[in-house]
């Protein structure tokens, strides 16, 4: 979902349409919309993790390598084509790779989403998956109504909470395992 599509859904939830069916852009709503989507996406990224990969470019004699700016935590470390999470140490967001190691190191990590603000393009694609994007629209609509003394925001906030409870929290590319349970003792 793009930012423009998300805004359109929020306007629909708020019933902000003219009699002709065209979206009526309210300057007050528009001024806050991007910031509310930023809050919503960052909350969603804690539930539905964003996984990214970075390859470590080795430098002779160097052992500490900084992670990207959007690094939120390590998921898996690939070394020699296999997951080797326990092989490496971490120090203040940097991976420590012994100088004698020569294999390629790739780090799969949990990432913070990019900041959404007034300067963000309408074509910006949210970094969380579609089910989380749909839930975010209810959050943003509820936040728009929090200060409204006439319309109760509670219904939209309840819809957000229900949608949040149904968001797929599985990690993309996660390890799939099956277990035989028939003869379990």
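Given points 7 Å out from each Cα along the Cα-Cβ axis, report the residue 155 to residue 115 separation in nanometres with one decimal.
3.6
What number do you get for the range 50-111 when its Cα radius of gyration is normalised by 2.2 N^0.38 Å, N = residues?
1.02
Given the Cα-Cα distance of residue 122 and residue 99 and 0.36 nm per residue of separation, how much length would full extension add, in nm?
3.8 nm
Compute the long axis of helix 3-13 from its Cα atoms, compare it with the longest principal axis of the Cα atoms of the chain, and write down the angle in degrees, 0 to 90, nearest 10.
40
Applying 1/(1 + (r/R0)^6) with R0 = 22 Å to the Cβ-Cβ distance of residue 165 and residue 83, what FRET efficiency is obtained, to the nearest 0.05?
On the way: r = 31 Å, r/R0 = 1.40.
Efficiency, from the Cβ-Cβ distance: 0.10.
Which angle between 0 and 90 degrees, to the nearest 10, do you get for helix 27-47 versus the longest principal axis of the chain when only C-alpha atoms count?
With rounding to tens, the tilt is 30 degrees.
Neighbouring Cβ atoms within 10 Å as the yardstick, rank 171, 95 fewest first.
Ascending number of Cβ neighbours within 10 Å: 171, 95.
Can you tell me the convex hull volume per residue for the chain, based on C-alpha atoms, in Å³ to the nearest whole number?
Spread over its residues, the Cα hull of the chain gives 191 Å³ apiece.
Taking the Cα atoms only, what angle lies between the long axis of helix 130-145 and the longest principal axis of the chain, rounded to 10 degrees?
Tilt of helix 130-145: around 40 degrees.
Read-outs: derived from the displayed coordinates by stated rules, not from any lab. Nothing here was measured: the structure is a model prediction, and the numbers come from that model. Here the Cβ is made from the backbone with ideal geometry for all residues, glycine too, and neighbour counts use every protein chain on show.
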